[in-house]
Number of protein chains: 2
Amino acid sequence: MSKSNPKINQYVEENKERFLEELFELIRIPSVSSQSQHKPDMDRCAEHWRDLLLKSGMDRAEVMPTKGNSVVYAEKKVNPKYPTVLVYGHYDVMPPEPLELWKSPAFEPEVRNGIIYARGADDDKGQTMCQVKGLETAIKLDLLRCNVKVMLEGEEEIGSTSLEAFCKKNKKLLKSDYILVSDTGMLSMKHPSMTTGLRGLCYWQIEVTGPNHDLHSGIYGGAVGNPLNELCNIIAKMRDEQGRVTIPGFYDDVVELTEADRAMTEKTPFNERKYKKEIGVKALYGEEGYHTLERTGSRPSFDLCGIWGGYQGEGAKTILPSKAYAKVSTRLVANQDEKKIAQAFIDYVKSLAPEHVEVKVEYLHGGTPYLCPSDLPIYKVAEEAYQATFGKKPLAVRSGGSIPIIATFERVLGVKSILMGFGLGSDAIHSPNENFPLENFHIGIRTVAEFYARYGHDEQK
Amino acid sequence: MSKSNPKINQYVEENKERFLEELFELIRIPSVSSQSQHKPDMDRCAEHWRDLLLKSGMDRAEVMPTKGNSVVYAEKKVNPKYPTVLVYGHYDVMPPEPLELWKSPAFEPEVRNGIIYARGADDDKGQTMCQVKGLETAIKLDLLRCNVKVMLEGEEEIGSTSLEAFCKKNKKLLKSDYILVSDTGMLSMKHPSMTTGLRGLCYWQIEVTGPNHDLHSGIYGGAVGNPLNELCNIIAKMRDEQGRVTIPGFYDDVVELTEADRAMTEKTPFNERKYKKEIGVKALYGEEGYHTLERTGSRPSFDLCGIWGGYQGEGAKTILPSKAYAKVSTRLVANQDEKKIAQAFIDYVKSLAPEHVEVKVEYLHGGTPYLCPSDLPIYKVAEEAYQATFGKKPLAVRSGGSIPIIATFERVLGVKSILMGFGLGSDAIHSPNENFPLENFHIGIRTVAEFYARYGHDEQK
């Protein structure tokens, strides 16, 4: 049974006013990466982080240029024999608009009923502060038995455009054993959890052409292939009666769920009635033989995101249209290969296309899935840290969404990431009135400190 | 072998300048039914037709009110023992826009290279003049052995809105044995033809609802039914591998093609290479076992006219959309019942709808198919009239399009229509530079006169 360290609790308690004020100083800099008028704020925010990292006990910190917004890099070298972690976070935030929906100004942080309200309160200034202040705590209490590097980017909200090139260029500098990230959520304070999976993505556009112009459906109907009907035929053939995707080879590389994974699903709280009510459906639907949490977290999916063609106005227009389009996406899971699936889909669509229409498929973009094995030693250490602060082991949850940069780290730096997220579903990230409860802020700092109080210590015994 | 009557040829030759000037007077009245500023022109045009019908030898002619534009009614009673035909035509025309594409003004008729150019030159002032001047010729040459009624409406181009009520109210006045209509085309001057079939129509809109708002395709994808995918599934199930519609009972009432019908198809000129080239397709597609002309004329069809839902913009948006829609149409053939098919489709779609989405079907509108048996005695008389003027029997062609009022006549008045159309595919009806060759105008008048020179004559022998 992992217990919390009283010194950590005391240090956090004694410094919590300062921690909050330091977070507020960061929040007051409107580092909106998608709005060019905020470019000076981006630079100011990066410099502010650099100074704060030095004050927090790092040996060295600097602002490093990229093709886009700068990266803040810092390090604390304790002993070359110790393992090294790389802390990743981002200092850019989403735009605050629509401004009129905020109860207090987005960049003037305010605590109401124990909750911090501001853009970036959670995503990702608040959560990155959990990492940095947890690290400070460990340093000041001399608990650190690993080397720590910190990398904060300024383009996460605009697709981490420059970070892959930065990582490739600075491989040696960024060398580490694991990456720590606080940029995800947990189920609830009652059900702490860590994200162990992120799905990948493939996204295509299909264009089906029949006749070279819209035809009179009376004069031609019955004798000429209709691109709308043919598009529907092609899409309908993409899944079988069991809800499985029929693209040849689609499941070949999928990591099947283990007994332990299935047991974890059973332990995860899930209220189907509430889930259905929130999205307004009478019944759920997915691949046979899997729980909803597995369908979204551990199994690939196939969805049309859009479809269009022909007449969409009021009433009737009797045409046999020339063109039909669809936006098609799959979410991938480990170890599906984005490039392989991208091509397999194109080949399959072509094989389904009848000769009386012309079918084009364009691959728009994609992302690699990520899976963190929950039996990694460092994962076990993180679990113990959660146990110390929350009083229970975190659940391992695979998220249906994608954070492409995590898979990029694995591919480029060859390192697994541990996703220690302290946010809640109610934090309204990306929305007006983004917030982060003080309770989460403090337990986040303490959990990170407890992590450092354990990680690397065994090796010195 | 049916021969032409030299007196008819002589009368038409001697009067053709006047006939043309009479047509021009009609054309100069811009009777555009869809544009309210032309309401006075509608009245003027109806009155002009009334006067012209009297001048053309009718006993009586009048303008009769309806809920919309007036109907011009005229009659020539020869002998109560003789059979009676009702001539149907329309005096309204399509709007002339876009004006800038006309080489000469739409309502100032001009003959260039033997072709009349003007709005209404063919549809339907020119063609109705073929009927009326052919009738005048027969009257003046004392060839008429039947009674003739004429009914010209002013709302054909806006859906014949008031005509069904007019027919119901005036059943006795309109009593006849057959209806003659010149408002269709023929294959070519070399291949004269009569239209013996018109397809009917059913038109629906389907709405599929999944979740009550667009969802994040990563967080929900794989666990929630996607209305776009489900719509595609439903549509794909509507036709089998042989291109046959799978709606239960769909083909139950379809009049199957006879050996004679099949032989007529073989005789009808059809250039598949040219047909494909004109619409830009590599291959044709339709119900197995039928010729293209049969697929469009004698077999029902099933086509999406529109489909939409979710994201249609540039690039990618990763959503699981809430709504999907489709506009769906079938063309019907004799003796399919519009109402029965309308309901059968709704029932079938509901039976295909899975419980995880909500599916609504709205019936928008429809029309009854029409078939004129080519063994009707009056049809044989018309064939002989064509033989006299064109030197060959007309081909019987079933058109894929719909003229709903023809089926309405059969339903309300209980009378079959004979479609003696003299237009060509190149006449550009409804388009800029609508035209009608003088040759077609004259042969149309002569053919109608030859019809009267035969119809009813046997009964007096």
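Numbers below:
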item	result
Odd one out for B:Cys130 among (1) touching a Phe, Trp or Tyr at 6+ places or on another chain (Cβ under 8 Å); (2) assigned to a loop (DSSP other than H, G, I, E, B); (3) buried (at least 19 other Cβ atoms within 10 Å of the Cβ); (4) not aliphatic (A, V, I, L, M)	(2)
Residue within region B:253-264 that is outside the structural domain of B:Ile346 (by the TED database), closer than 20 Å to A:Gly225 by Cα, in a helix (DSSP H, G or I) and without any contact (Cβ under 8 Å) to a residue 60 or more places away in the chain present	no
Residue within region A:299-309 that is under 16 Å from A:Arg239 (Cα atoms), charged (D, E, K, R), modelled with pLDDT of 95 or more and in contact with a helix residue (DSSP H, G or I) (Cβ under 9 Å, 6 or more places away or on another chain) present	yes
Candidate set from region B:318-338 (those that are more than 10 Å from chain A (Cβ to nearest Cβ) and aliphatic (A, V, I, L, M)); member that is nearest to B:Lys360 (Cα to Cα)	B:Leu332
Breaking point among (1) closer than 30 Å to A:Gly401 by Cα; (2) in contact with a helix residue (DSSP H, G or I) (Cβ under 6 Å, 6 or more places away or on another chain), for B:Thr265	(1)
Qualifying residue in region B:272-280 (condition: crowded, with 22+ Cβ neighbours inside 10 Å and either more than 8 Å from every other protein chain (Cβ to nearest Cβ) or of a type in the set (Lys, Arg) (or both))	no
Residue tally, condition touching a residue at least 40 places away in the same chain (Cβ under 8 Å) and in contact with a Phe, Trp or Tyr (Cβ under 9 Å, 6 or more places away or on another chain), over region B:334-347	7
Extreme residue, farthest from B:Ile234 (Cα to Cα), among residues of region B:281-298 that are facing chain A (nearest Cβ under 7 Å) and hydroxyl-bearing (Ser, Thr, Tyr)	B:Thr292
From the options B:Ile341, B:Ile378, B:Ile307, B:Ile405, residue that is more than 14 Å from chain A (Cβ to nearest Cβ) and over 30 Å from B:Pro269 (Cα atoms)	B:Ile341
Qualifying residue in region B:228-250 (condition: under 22 Å from A:Gly306 (Cβ atoms), in contact with a strand residue (DSSP E or B) (Cβ under 6 Å, 6 or more places away or on another chain) and of a type in the set (Gly, Ala, Ser))	no
In region B:347-385, the residues that are β-branched (Val, Ile, Thr) and within 25 Å of B:Arg295 (Cβ to Cβ)	B:Val349, B:Thr368
Entirely in region A:297-391, the strands (runs of 3 or more DSSP E) that have 2 or more residues that are in the same structural domain as A:Asn229 (by the TED database), within 18 Å of A:Gly249 (Cα to Cα) and of a type in the set (S, T, N, Q)	A:323-332
Tally, over region A:29-71, of residues that are in a helix (DSSP H, G or I) and under 26 Å from A:Thr161 (Cβ atoms)	18
Qualifying positions in region A:392-402 - part of a strand (DSSP E or B) and more than 14 Å from chain B (Cβ to nearest Cβ)	A:Leu395, A:Ala396
Residue within region B:344-351 that is in contact with a helix residue (DSSP H, G or I) (Cβ under 9 Å, 6 or more places away or on another chain) and within 11 Å of chain A (Cβ to nearest Cβ) present	no
Pair list, Cβ under 6 Å, 6 or more apart: region B:212-239 residue at the interface with chain A (Cβ under 7 Å from one of its Cβ atoms), other residue assigned to a helix (DSSP H, G or I) and of a type in the set (A, V, I, L, M, F, W, C)	B:Cys232/A:Cys232; B:Cys232/A:Ile235; B:Cys232/A:Ala236; B:Asn233/A:Ala236; B:Ile235/A:Cys232; B:Ala236/A:Cys232; B:Ala236/A:Ala236
Unique residue being modelled with pLDDT under 95, of a type outside the set (Gly, Ala, Ser), surrounded by fewer than 19 Cβ atoms within 10 Å (Cβ to Cβ) and touching a strand residue (DSSP E or B) at 6+ places or on another chain (Cβ under 6 Å) when the list is A:His430, A:His365	A:His365
Inter-residue pairs, beta-carbon under 6 Å, first closer than 14 Å to A:Phe436 by Cβ and in region A:173-194, second assigned to a strand (DSSP E or B), 6+ apart	A:Thr184/A:Thr195; A:Thr184/A:Leu419; A:Gly185/A:Gly423; A:Met186/A:Ser193
Odd one out for B:Pro6 among (1) surrounded by 15 or more Cβ atoms within 10 Å (Cβ to Cβ); (2) under 22 Å from B:Gly391 (Cβ atoms)	(1)
Residue within region A:15-28 that is part of a loop (DSSP other than H, G, I, E, B), of a type in the set (Asp, Glu) and either buried (at least 22 other Cβ atoms within 10 Å of the Cβ) or over 27 Å from the mean Cα position of the chain (by Cα) (or both) present	no
Residue, surrounded by the fewest Cβ atoms within 10 Å (Cβ to Cβ), within region A:84-115, restricted to residues that are in a strand (DSSP E or B) and without any contact (Cβ under 8 Å) to a residue 12 or more places away in the chain	A:Arg112
Single residue of region A:174-201 satisfying the filter (exposed (fewer than 15 other Cβ atoms within 10 Å of the Cβ) and either of a type in the set (S, T, N, Q) or farther than 21 Å from A:Cys130 by Cβ (or both)) that is modelled with the lowest pLDDT	A:Ser188
Residues (of a type in the set (A, V, I, L, M, F, W, C) and under 17 Å from A:Ala385 (Cα atoms)) located in region A:130-153	A:Cys130, A:Val132, A:Leu135, A:Ala138, A:Ile139, A:Leu141, A:Leu143, A:Leu144, A:Cys146
Within region A:376-416, considering residues that are among the charged types (D, E, K, R) and under 28 Å from A:Lys339 (Cα atoms), the one surrounded by the most Cβ atoms within 10 Å (Cβ to Cβ)	A:Arg398
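The values are calculated or read from the model by the stated rules, or taken from the named source; none is laboratory data. Being a predicted model, the structure only gives us computed values, none of them experimental. All Cβ positions, glycine included, derive from the backbone under ideal geometry; neighbour counts span all protein chains shown.
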